[in-house]
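Presented below is the structure to which this report refers.
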Amino acid sequence: MLVANYPSKKVLKTHIGNSLSYIETSIFGEEYKSTGSFLVCNRPHITGHKREFFANVTMSDDLIVDVK
C-alpha cells in the first residue's frame with residue numbers, strides 16, 4: 001500500500017487533476033500505477049500528518065481522476 005503524502009482525504013480529493021504525492025513502501029517492487037486504481041493510506045508515524053486515512057485512488061496518465 002502506498003503512503004499518500006496529504007494531511008487528510010479531503011485534501012487529497014482537492015488534488016484531483018494533479019499528480020499524486022506518495023511514498024513507496026513495498027520491498028517487493030513499485031505499487032504505483034500511472035493508469036489504474038490502487039489503495040493509499042496516510043500513516044502519521046511516517047508522514048508526520050495527524051490524521052490516518054485510507055482511500056482508493058484512480059489514476060489516468062499520471063493524474064488523479066477519482067478518490068473514494
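Structure data summary
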| quantity | calculated |
| --- | --- |
| Lys33 being in a loop (DSSP other than H, G, I, E, B) and in contact with a helix residue (DSSP H, G or I) (Cβ under 7 Å, 6 or more places away or on another chain) | no |
| Test: residue in region 28-36 that is surrounded by 16 or more Cβ atoms within 10 Å (Cβ to Cβ) and β-branched (Val, Ile, Thr) | no |
| Qualifying residue in region 6-26 (condition: among the small types (Gly, Ala, Ser), crowded, with 16+ Cβ neighbours inside 10 Å and at pLDDT 95 or above) | no |
| Residues (hydroxyl-bearing (Ser, Thr, Tyr) and in a loop (DSSP other than H, G, I, E, B)) located in region 1-30 | Tyr6, Ser8, Ser19, Ser21, Thr25, Ser26 |
| Tabulated pairs, region 48-68, first surrounded by 12 or more Cβ atoms within 10 Å (Cβ to Cβ), second charged (D, E, K, R), C-beta under 6 angstrom, 6+ apart or interchain | Phe53/Lys9; Ala55/Lys9; Thr58/Asp66; Val67/Lys13 |
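The values are calculated or read from the model by the stated rules, or taken from the named source; none is laboratory data. Given the structure is predicted, the values throughout are model-derived calculations rather than measurements. Reconstructed Cβ throughout: ideal geometry from the backbone, glycine too, with neighbour counts over all protein chains shown.
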